[in-house]
Amino acid sequence: QVRLVESGGGLVQPGGSLRLSCKASGINFKIYNMAWYRQAPGKQRELVAHILSTGSTNYTDSLKGRFTISRDNAYRMLYLQMNSLEPDDTAVYFCNKAPVPFDYWGRGTQVTVAS
């Protein structure tokens, strides 16, 4: 069955960077459009960035230029490079397929941006 394991989060100062990773198993990863989602405290989960099976990418407008999504199909890995982080980026970050995610969600990885 599908399993998604996110990692790479942590505490970072405003303006800092983090690289998130997601390891997928139990699925034919390369055929799926994948995405990073995030959920901030008290808010609904939102899609941050997605990458098609072809490699084309798309981002939430407010994040363009700061976040970069990428994938390595050979290793079933999804990545999110986050630069110039802001306190509003504080959230739990999840990976899943897009636009309709699997019912299964991993535990996510916590990103906290604070001085």
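The values are calculated or read from the model by the stated rules, or taken from the named source; none is laboratory data. Just so you know, these numbers come straight off a predicted model, no measurement behind them. So basically every Cβ, Gly included, is an ideal-geometry build from the backbone, and we count neighbours across all protein chains shown. Ligands, DNA and RNA are excluded from the accessible area calculation, which covers all protein heavy atoms including side chains. Shrake-Rupley method; radii C 1.70, N 1.55, O 1.52, S 1.80 Å.
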Using only the alpha carbons of the chain, determine the length spanned along each of the three principal axes and report them from longest to shortest in whole angstroms.
-> 40, 25, 23
Looking only at 14, 87, 41, which one moves most when the chain is put into a Gaussian network model with springs between Cα atoms under 10 Å?
-> 41
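Please report, in debye to the nearest 20, how large the charge dipole of the chain is about its Cα centre when each Lys and Arg carries +1 at its beta carbon and each Asp and Glu carries -1 there. Write down the numbers at each step before the final one.
Working: 13 positive and 8 negative charges, 72 e Å.
That gives the chain a dipole magnitude of about 340 debye.
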For residue 43, which aspartates and glutamates qualify as cross-link partners when the Cα separation must be under 15 Å and same-chain residues fewer than eight apart are set aside?
-> 88, 89
With all protein chains present, segment 10-94 has a carbon and sulfur share of its accessible area (1.4 Å probe) in percent of 47 percent
In nm, give the distance between the simple-model label positions of residue 1 and residue 107, each being 7 Å from the Cα along the Cα-to-Cβ direction.
-> 1.7 nm
Roll a 1.4 Å probe over the protein heavy atoms and report the accessible area of residue 68 in Å², nearest 10.
-> 70 Å²
Treat each spin label as a single point 7 Å out from the Cα along the C-beta direction, and report the residue 64 to residue 11 distance in nm.
-> 3.5 nm
Note on segment 46-87: the mean projected area of its alpha-carbon convex hull, in nm², is 3.4 nm²
The chain - percent relative contact order, Cα under 8 Å, separation 6 or more | 37 percent
Surface accessible to a 1.4 Å probe, per residue, for the residues of the chain, Å² = 54 Å²
